[in-house]
Amino acid sequence: MAPKDLNFITGNKNKLAEVQAILSPTAVNLQSQAIDLPELQGTIEEISTDKAKRAAERVQGPVLVEDTCLCFNAFNELPGPYVYVHLRALTHSALRKQTPLRIAHAIAEADKLPGILQKWFLQALGVQQFHKLLAGFEDKSAQAVCTFAYCEGPGHEPIVFQGRTDGMIVPARGPTDFGWDACFEYEGQTYAEMPKEEKNKISHRGRALAKLVEWLKQEV
């Protein structure tokens, strides 16, 4: 049965507003909780499932967690949930030739960060520099992947809902206050340039949540 109240584990107000807007056709009362959870290293599905189980134990109730990643086709679908894992394989000299010194420094310092997930790397790098990760490659295409995991409560197995959107990595255009939205272009517009309603129809997050909405309707 679909929950009446659902704890969305996030401290990101932009993400919360976006998810609330997409789930508005449902009867679910979405609440947010910012919980610091250790993250498993693995596939994005494994990360999301593990996080949902841990969150359900913490709040003792139904939870919704999300993991988002970018897959660069030039990097054979890396970095996925991890930017650092792939970039560490590049030599610092090669990296400096194709990116500013600040990027090389961020990678060198990445092992000192609390984890190796891309949100910390993006913060160190800066949205305006993000597209330069692909400066040495002709292929600028990428896939945005969003994975939600719903867990009914402690002891329950999470259910996973995933959405994917193909696009291009470009120099930042539009507002830069929401992750890498300004650098991800879909059919001529970056996410940041799109009206929110339009973005929610085609984004990786919107597509994942559309699957969740259908599941919730069936569970009523």
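The values are calculated or read from the model by the stated rules, or taken from the named source; none is laboratory data. None of the values given here were measured: they were computed from a predicted structure. Cβ placement follows ideal geometry from the backbone for every residue including glycine, while neighbour counts extend to all protein chains displayed.
Conditions: (1) farther than 18 Å from C146 by Cβ; (2) surrounded by fewer than 16 Cβ atoms within 10 Å (Cβ to Cβ). V59 meets all but one. Number of the miss?
So the condition that V59 fails would be (2).
Which ones in the range 146-157 are buried (at least 22 other Cβ atoms within 10 Å of the Cβ) and in contact with a Lys or Arg (Cβ under 9 Å, 6 or more places away or on another chain)?
Residues satisfying the conditions are C146, F148, A149, C151.
Would you be able to tell me the number of residues in the range 1-17 that are modelled with pLDDT of 90 or more and over 18 Å from A52 (Cα atoms)?
Final tally of qualifying residues: 1.
If you scan the range 3-13, which residues turn out to be part of a loop (DSSP other than H, G, I, E, B) and surrounded by fewer than 17 Cβ atoms within 10 Å (Cβ to Cβ)?
K4, G11, N12
Between a residue in the range 54-65 that is under 11 Å from L6 (Cα atoms) and any residue that is charged (D, E, K, R), which pairs come within a Cβ distance under 6 Å, given they are 6 or more apart or on different chains?
Every condition considered, the pairs that remain are P62/E152; V65/K51.
Checking A94 against (1) under 14 Å from the mean Cα position of the chain (by Cα); (2) modelled with pLDDT under 90; (3) of a type in the set (A, V, I, L, M, F, W, C), which test does it fail?
For A94, the failing item is (1).
Would you confirm, using the coordinates I've provided, whether L16 is within 16 Å of the chain's Cα centre (by Cα), over 17 Å from A210 (Cβ atoms), not small (G, A, S) and not in a helix (DSSP H, G or I)?
No, not satisfied.
Look through the range 18-47, keep the residues that are closer than 24 Å to M194 by Cβ and exposed (fewer than 13 other Cβ atoms within 10 Å of the Cβ), and return whichever of them is modelled with the highest pLDDT.
S24
Could you identify the single residue in T147, T176 that is under 30 Å from R58 (Cβ atoms) and β-branched (V, I, T)?
Residue meeting the stated conditions: T147.
Could you please give the count of residues in the range 152-198 that are under 19 Å from F130 (Cα atoms) and either among the hydrophobic types (A, V, I, L, M, F, W, C) or in a strand (DSSP E or B) (or both)? Lay out the reasoning, then the answer.
In the first step, residues of the range 152-198 are kept if they are under 19 Å from F130 (Cα atoms); the result is 165-186, 188-193.
Subset that is either among the hydrophobic types (A, V, I, L, M, F, W, C) or in a strand (DSSP E or B) (or both): 165-170, 172, 178, 180, 182-186, 189-190, 192.
Matching residues across the range 152-198 total 17.
Return the residues of the range 19-35 that are in contact (Cβ under 8 Å) with a residue 12 or more places away in the chain and part of a loop (DSSP other than H, G, I, E, B); say none if nothing qualifies.
L23, P25, T26, A27, V28, A34, I35, listed by residue number.
List the pairs whose first member sits in the range 190-202 and is in contact (Cβ under 8 Å) with a residue 12 or more places away in the chain, whose second member is in a loop (DSSP other than H, G, I, E, B) and of a type in the set (S, T, Y), and whose Cβ atoms are under 8 Å apart, counting only residues at least 6 apart or on separate chains?
Between residues of the range 190-202 that are in contact (Cβ under 8 Å) with a residue 12 or more places away in the chain and residues that are in a loop (DSSP other than H, G, I, E, B) and of a type in the set (S, T, Y), the close pairs are Y191/S203; A192/T176.
May I ask you to list the residues in the range 167-208 that are more than 18 Å from T147 (Cα to Cα), among the charged types (D, E, K, R) and surrounded by fewer than 17 Cβ atoms within 10 Å (Cβ to Cβ)?
R173, D177, E187, E193, K196, E197, E198 - these are the residues of the range 167-208 that are more than 18 Å from T147 (Cα to Cα), among the charged types (D, E, K, R) and surrounded by fewer than 17 Cβ atoms within 10 Å (Cβ to Cβ).
Where the second residue is assigned to a loop (DSSP other than H, G, I, E, B) and the first is farther than 11 Å from A52 by Cβ and lies in the range 154-175, which pairs have Cβ atoms under 6 Å and are six or more apart or on separate chains?
Note: pairs meeting the criteria are T165/S203; M168/K140; I169/K140.
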